[in-house]
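All remarks here apply to the structure that follows.
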Amino acid sequence: MRIGYLSGKMEVVENPNKGGKAVMAKHLIRKDELVAIWGGFIVNYQQLRELTEEEQGHTVQVSDDFFLAPLTMDEPADFINHSCDPNCGVQGQIILVAMRDIQLGEEVTFDYAMTDSSPFDEFDCGCASPYCRGKVTRDDWKLPDLWQRYEGYFSTYLGNRISKFRRSID
Ligand SMILES: [Zn+2]
């Protein structure tokens, strides 16, 4: 049984370079088209830390204190990788949409800075895009460059937090 949803225009492929799998577009995807809906079960940070590293890698933060953790490790929507120059963004907390047109054969990606602000999934990034930050951290949502590039595509709880943060530094 599938818990989440991945658009039928996508497919999961093996991706040895990134150590695991990746999601590719098998058809042209139009800007703002729905790409995936993440599913899982809700945990707090303490419960999250009791999960395996692999499970934590398939977890997405959905509020200041809560996370959506995987029920199984073969959920197609959970194989969408990070990029520092992504083609998808977040709507609400669990829906991924195309931020621009995505071509057939292109890897489908989002920026973990759009969802995560806790230290459970920080890593060195080798996405090789001109925007690559080298390291993906819990504090990346504070980067003004990302506010501009991802406006309207941060997870709702982070969008709200960014608005407050911006008011506090103005
Ligand atoms: Zn990168």
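Quick note: the coordinates plus some simple rules give every number you see, no bench work behind them. Bear in mind that the values here come from a model prediction, so they are computed numbers and not experimental data. Heads up, the Cβs are rebuilt from the backbone with ideal geometry, glycines too, and the neighbour counts pull from every protein chain shown.
Observations, loosely collected:
- Neighbourhood charge, 9 Å Cβ-Cβ cut-off, centred on residue 40 and excluding it, Lys, Arg +1 and Asp, Glu -1: -2
- Those residues of segment 57-72 whose amide nitrogen sits under 18 Å from the label point placed on residue 42, 7 Å along Cα→Cβ: 59-71
- Nearest-0.05 FRET efficiency for residue 104 and residue 65, computed from C-beta distance (R0 45 Å): 0.70
- For the chain, the convex hull spanned by the alpha carbon atoms encloses 109 Å³ per residue.
- Ranked 112, 5, criterion: other C-beta atoms within 10 Å, fewest first: 5, 112
- Mean-position separation - Cα centroids, segment 15-87 and segment 123-170, in angstrom: 18 Å
- Efficiency of FRET from Cβ geometry, residue 1 and residue 142, R₀ 45 Å, rounded to 0.05: 0.70
- Treating each Cα of segment 63-122 as one equal point scatterer and applying the Debye formula with no solvent, the log10 of I(q)/I(0) at q = 0.12, 0.18, 0.19 Å⁻¹ comes out as -0.32, -0.71, -0.79.
- By the beta-carbon count within 10 Å of each Cβ, the least crowded to most crowded order of 117, 63, fewest first, is 63, 117.
- Approximating the spin labels as points 7 Å out from Cα along Cα→Cβ, the residue 85-to-residue 164 distance works out to 3.4 nm.
- Lys pairs under 21 Å by Cα in the chain, provided they are eight or more residues apart or on distinct chains: 7
- Calculated [θ] (222 nm, deg cm²/dmol) that DSSP helices of n ≥ 4 give over the chain, each run adding -39,500 (n - 2.57): -4500 deg cm²/dmol
- Net charge dipole size for segment 5-169 [Lys, Arg +1 and Asp, Glu -1 on Cβ; Debye, nearest 20]: 680 debye
- With contacts taken as Cα pairs under 8 Å at a separation of at least 6 residues, segment 5-169 carries a relative contact order of 23 percent.
- Sorted fewest first by neighbouring Cβ atoms within 10 angstrom, 102, 37 come out as 37, 102.
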